[in-house]
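Written out below as structure tokens is the structure these notes cover.
The values are calculated or read from the model by the stated rules, or taken from the named source; none is laboratory data. For clarity, every value in this text was computed on a predicted model and none was experimentally measured. When we count neighbours, we look across all protein chains shown, and the Cβ atoms used for this are built from the backbone with ideal geometry, even at glycine. Heavy atoms of the whole protein, side chains included, go into the accessibility calculation; ligands, DNA and RNA do not. Shrake-Rupley method; radii C 1.70, N 1.55, O 1.52, S 1.80 Å.
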Protein chains: 4
Amino acid sequence: MATTVHLAGEGNDEAHAVAEVIAAGRRASARHWVPATSGNFSARIDAGRIAITRSGVDKGALLAADILIQPLDAPLLPRSSAEAPLHVALYHQHPEIGAIFHVHSPAATVIARLAEAEGRVILNGWELQKALAGVTTHEARVEVPVFANEQDTETLAARVDARFAAFGADVHAAPGYLLSGHGLYAWGRTPAEAARHLEALEALFDFELSYRRFTP
Amino acid sequence: MATTVHLAGEGNDEAHAVAEVIAAGRRASARHWVPATSGNFSARIDAGRIAITRSGVDKGALLAADILIQPLDAPLLPRSSAEAPLHVALYHQHPEIGAIFHVHSPAATVIARLAEAEGRVILNGWELQKALAGVTTHEARVEVPVFANEQDTETLAARVDARFAAFGADVHAAPGYLLSGHGLYAWGRTPAEAARHLEALEALFDFELSYRRFTP
Amino acid sequence: MATTVHLAGEGNDEAHAVAEVIAAGRRASARHWVPATSGNFSARIDAGRIAITRSGVDKGALLAADILIQPLDAPLLPRSSAEAPLHVALYHQHPEIGAIFHVHSPAATVIARLAEAEGRVILNGWELQKALAGVTTHEARVEVPVFANEQDTETLAARVDARFAAFGADVHAAPGYLLSGHGLYAWGRTPAEAARHLEALEALFDFELSYRRFTP
Amino acid sequence: MATTVHLAGEGNDEAHAVAEVIAAGRRASARHWVPATSGNFSARIDAGRIAITRSGVDKGALLAADILIQPLDAPLLPRSSAEAPLHVALYHQHPEIGAIFHVHSPAATVIARLAEAEGRVILNGWELQKALAGVTTHEARVEVPVFANEQDTETLAARVDARFAAFGADVHAAPGYLLSGHGLYAWGRTPAEAARHLEALEALFDFELSYRRFTP
């Protein structure tokens with residue numbers, strides 16, 4: 001009986017994660033942040049599994065059949081996105097992460113390329129920074145790591161891990177990172193928090209780009 | 001009986017103010033002016049009470065349960081926004097204010113930061129200035145005060161009061177102020193007027209930023 | 001009988017013009033071209049009358065009661081917009097004009113201010129110019145007159161008349177004009193043509209501003 | 001019987017192509033990429049026929065009656081768009097093309113004019129390039145040809161053919177080309193692929209323009 005209840009619970013968790021992924025894709029598509037079937041979205045079902053968008057679908061028209069149930073310790077399923085390893089690696093390293101959303105939004109994509117040489121974007125002086133978990137003042141220095149783009153996503157995942165492991169204490173590590181000329185990965189403990197982080201980061205990058213047009 | 005009628009009237013005023021706050025949040029969210037649960041919205045119920053959004057909710061999906069009924073002379077209610085003191089102070093000082101809307105809209109947020117050192121944005125030469133109460137010509141000089149951002153909102157509220165009290169007669173004081181890198185507070189005698197002021201100010205700041213890109 | 005039929009026809013023309021004005025306001029509002037109750041819209045009913053938006057209403061939420069039936073040879077009706085004289089003067093001078101739409105759209109408002117000293121914006125080299133009646137090639141030079149803004153709209157209407165009367169043959173006169181820091185007036189023989197001209201001109205000004213950011 | 005089935009199949013293909021053209025116009029209109037009745041859209045029905053929008057209609061409100069069934073080897077039908085020859089020429093030269101979408105989107109229109117002298121836009125370093133068929137890395141150099149605008153579309157079609165025939169092997173030829181100050185033609189093997197290419201190219205041009213504002 002316990003098993004039956006447990007399985008039912010698992011089924012609910014799975015359906016819930018799938019629904020969150022579909023909703024996140026739809027919201028991002030409405031903002032034009034995932035043009036031309038780009039972007040990918042995932043949510044943790046439990047300690048060992050995630051729900052993640054498959055490769056090559058319009059994220060504004062996701063169906064449940066477009067969402068893969070990927071065990072974290074198994075090989076990637078057929079039809080997986082080329083970027084699935086970046087999701088899997090983050091869920092492995094950070095058990096507290098509950099959802100990861102990746103978009104090709106314009107401000108993130110462009111600021112990442114402008115900041116590739118420096119390897120990071122520092123956010124400072126914006127009230128909206130406080131939408132990022134753990135940030136309590138606009139005076140905080142929030143560092144968003146920027147990585148050179150790389151088609152080998154296993155290699156890229158390792159670089160991301162190394163960078164976050166070595167993160168200094170002088171700045172607050174943002175719940176996200178940038179890939180130069182590519183876009184933004186943002187995450188949170190829950191899908192709602194990941195969505196808040198995604199929305200805050202793209203708005204902050206947009207503020208930053210607009211501000212920089214007037215400041216040499 | 002009079003009391004009963006009075007209470008009924010109060011109930012209607014309260015429900016009306018709550019509905020106005022919900023509508024204002026929805027409109028601002030549709031414009032992407034309150035990203036990541038930022039912003040807050042309030043409307044006066046009567047001389048002693050306001051309806052105001054609680055902390056940390058998506059302003060595009062407000063429910064009546066997300067709106068607090070805050071007495072102006074009582075301590076802030078649990079779940080109040082950190083910025084509730086800025087609302088309360090304005091309602092106290094200016095009995096004619098009927099609604100206050102605060103957003104993190106992009107033009108306001110960026111122009112405020114660009115103008116922080118100067119302490120104000122002067123609007124002049126735009127026909128749309130006439131959407132601000134009391135402004136009858138594009139030739140008016142309209143001053144929107146800019147304050148440095150500050151996490152202690154009681155302190156900030158006092159600075160705002162002092163500034164408006166000392167306002168000179170050579171310029172028209174706008175129905176709003178800016179917080180550097182933070183956003184815009186706009187108000188009006190009614191929710192409709194506050195909404196008009198909010199929309200006019202963000203459009204004016206957008207015109208101004210666009211114009212400044214071409215004028216050294 | 002003839003009279004009855006004639007009156008019915010008039011009633012239909014009036015209802016039709018009112019519906020066109022409401023639709024034009026709604027479309028402009030959806031584009032955020034009439035912020036804070038700005039803008040005004042009119043359509044000709046017959047040789048002697050127009051339907052025109054009254055002052056101070058949200059153009060995205062127009063009702064039939066917000067539209068005035070203004071005889072062209074009578075004094076302005078109560079609640080008329082301050083800019084009604086600009087509409088009336090154009091209908092008087094140009095019997096072929098069937099509709100006039102005025103907006104505070106961002107590209108028009110800003111480019112008008114940048115071009116105030118020169119007194120005109122020349123459009124040249126854009127395919128979309130061909131959406132303007134009588135323009136058959138991107139090689140045409142289309143001149144959009146720019147007038148300094150002016151609160152006395154009777155005076156302004158006279159300036160507009162004089163300018164169009166004196167229009168040279170070397171350029172194509174656009175079906176619209178700009179007011180510096182104010183916005184755009186566009187017209188057409190029908191409401192559909194006026195809408196097409198409005199949409200084309202704002203897009204052309206947006207192209208032009210974007211292009212100028214890269215060309216000294 | 002076979003004939004009957006075959007005819008039914010043809011009818012289905014035709015209805016399907018018409019529906020795809022209508023959907024493409026609606027999507028482009030929602031993005032404001034076809035202002036003032038500009039743009040045109042076509043889909044191949046079979047080896048000898050295409051469905052194509054007629055001249056002068058609002059692409060956001062297409063009806064089946066606005067779509068012409070044009071044989072590729074017959075003279076252009078009455079009411080054809082002036083740009084129909086550009087579509088017909090591409091379908092003739094490239095049997096694999098299944099749909100062609102042409103828009104006056106802002107980034108494409110402006111970047112084309114900026115790049116007219118150089119005759120091409122090179123895309124390099126953007127992950128979104130991978131949304132273009134055959135591009136497998138952001139390191140690819142993707143060349144989008146730019147042609148001077150020209151009202152004689154038969155002449156223009158010949159230039160386009162010549163350019164693609166002579167295309168070098170050092171860069172990947174994009175599934176589209178630009179007309180200076182005019183807009184973008186994009187195509188694909190299917191309507192879905194053409195839509196993906198259109199959306200990717202406009203986003204890439206927008207990234208590129210935004211990036212160039214910060215890089216001398």
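Residues whose amide H falls under 5 Å from that of A:Arg120, counting only those 5 or more places apart or on a different chain, are A:Val146, with hydrogens built in the peptide plane. When the accessible areas of B alone and C alone are added and the area of the pair subtracted, with a 1.4 Å probe, the result is around 1800 Å², both sides summed.
Each copy carries a label point for D:Gln93 at 7 Å from Cα along the beta-carbon vector; from one copy to the others these points are 4.8, 4.8, 6.8 nm apart, nearest first. Placing +1 on each Lys and Arg Cβ and -1 on each Asp and Glu Cβ, with no other charges, gives region D:12-213 a dipole about its Cα centre of roughly 360 debye.
Relative to the compact-globule estimate of 2.2 N^0.38 Å, the Cα radius of gyration of region B:41-143 comes out at 1.28. Note on the protein assembly as shown: antiparallel DSSP beta bridges, both residues inside, total approximately 85 percent of the bridges counted. According to the Cα-based calculation, Rg over Rh for region C:3-86 is 0.99, with Rh computed by the Kirkwood formula. Which residues in region A:184-216 place their backbone N less than 16 Å from a point set 7 Å from the Cα of A:His94 along the Cα-to-Cβ direction? From region A:184-216, the list is A:184-202. Within 10 Å of the Cβ of each residue in B:31-39, the mean number of Cβ atoms contributed by other protein chains is 6.
In this assembly of identical copies, the label point of B:Ala61 (Cα plus 7 Å along Cα-to-Cβ) is separated from its counterparts by 2.5, 2.5, 3.5 nm, sorted shortest first. Straight-line cross-link reach from D:Lys130 at under 27 Å between alpha-carbon atoms covers these lysines, not counting any fewer than eight positions away in the same chain: A:Lys59. Comment: the Cα-to-Cβ extended label point of D:Gly11, at 7 Å, lies 4.4, 4.4, 6.3 nm from its counterparts in the other copies, nearest first.
Each residue of region B:71-78 was assigned a 3J(HN,Hα) from its phi angle through the Karplus expression (A = 6.51, B = -1.76, C = 1.60, θ = phi - 60°), giving x, 6, 9, 10, x, 5, 5, x Hz with x at Gly and Pro. Here r is the Cβ-Cβ distance between D:Ala15 and A:Leu63 and R0 is 30 Å; the resulting FRET efficiency, rounded to 0.05, is 0.80. According to the Cα-based calculation, Rg over Rh for region B:32-81 is 0.98, with Rh computed by the Kirkwood formula. Measuring how big the protein assembly as shown is from its alpha-carbon positions, Rg and Dmax come out at 28.8, 92 Å. Membrane-span-like helices of chain C, defined as complete DSSP H segments with a Cα extent of 27 Å or more along the helix axis and a mean Kyte hydropathy of at least -1.0, are identified as C:2-30, C:191-212. Neighbouring Cβ atoms from other chains, within 10 Å of the Cβ of residues in D:193-200, number 3 on average. The simple Förster model, with R0 at 25 Å and r as the Cβ-Cβ distance, assigns D:Glu118 and A:Asp152 a FRET efficiency of 0.15. Counting only heavy atoms of the protein chains and using a 1.4 Å probe, C:His32 has close to 90 Å² of accessible surface. Packing, taken as the mean count of other beta carbons within 10 Å per residue, orders the peptides D:198-209, A:145-156 from highest to lowest as D:198-209, A:145-156. Backbone amide hydrogens, once placed in the peptide plane, bring D:Arg49 within less than 5 Å of D:Leu72, excluding anything fewer than 5 places away on its chain.
Taking amide hydrogens as placed 1.01 Å from N in the peptide plane, the amide H of C:Ser105 sits under 5 Å from those of C:Leu184, each at least 5 positions away in sequence or on another chain.
Here, region B:97-144 is characterised by an Rg to Rh ratio of 1.00, where Rg is the alpha-carbon radius of gyration and Rh the Kirkwood radius. Dipole orientation for the protein assembly as shown: of the candidates D:Val142, B:His94, C:Ala17, D:Val142 has the Cα lying most toward the positive pole (charges on Cβ; Lys, Arg +1; Asp, Glu -1).
Percent of Cα-Cα pairs more than 20 Å apart in region B:12-213, please. Beyond 20 Å sits 52 percent of the P(r) for region B:12-213.
Farthest towards the positive end of the charge dipole of the protein assembly as shown, among the residues C:Ala174, C:Thr215, A:Gln151, is the Cα of C:Thr215, using unit charges on the Cβ of Lys, Arg, Asp and Glu.
With R₀ fixed at 45 Å, the C-beta to C-beta distance from A:Arg189 to B:Ala192 puts the FRET efficiency at about 0.70.
When the protein assembly as shown is described by a simple charge dipole with +1 on each Lys and Arg Cβ and -1 on each Asp and Glu Cβ, the residue from A:Gly60, B:Thr190, D:Val110 located farthest towards its positive end is D:Val110. The helix-only estimate of mean residue ellipticity at 222 nm for the protein assembly as shown, built from DSSP H runs of length n ≥ 4 each weighted as -39500 (n - 2.57), is -13000 deg cm²/dmol after division by the residue total.
Of all the options C:Val34, C:Val160, C:Val103, the one that moves most in a Gaussian network model of chain C with Cα springs shorter than 10 angstrom is C:Val160.
For the peptide C:122-130, the mean number of other protein chain Cβ atoms found within 10 angstrom of a residue's Cβ is 5.
Sorted largest first, the spans of the alpha carbon positions of region B:134-188 along the three principal axes are 37, 21, 19 Å. Can you work out D for region B:124-216 in µm² s⁻¹ from Stokes-Einstein, where Rh is the Kirkwood radius over C-alpha pairs, the temperature is 37 °C and the viscosity is 0.692 mPa s? Calculated translational D: 232 µm²/s.
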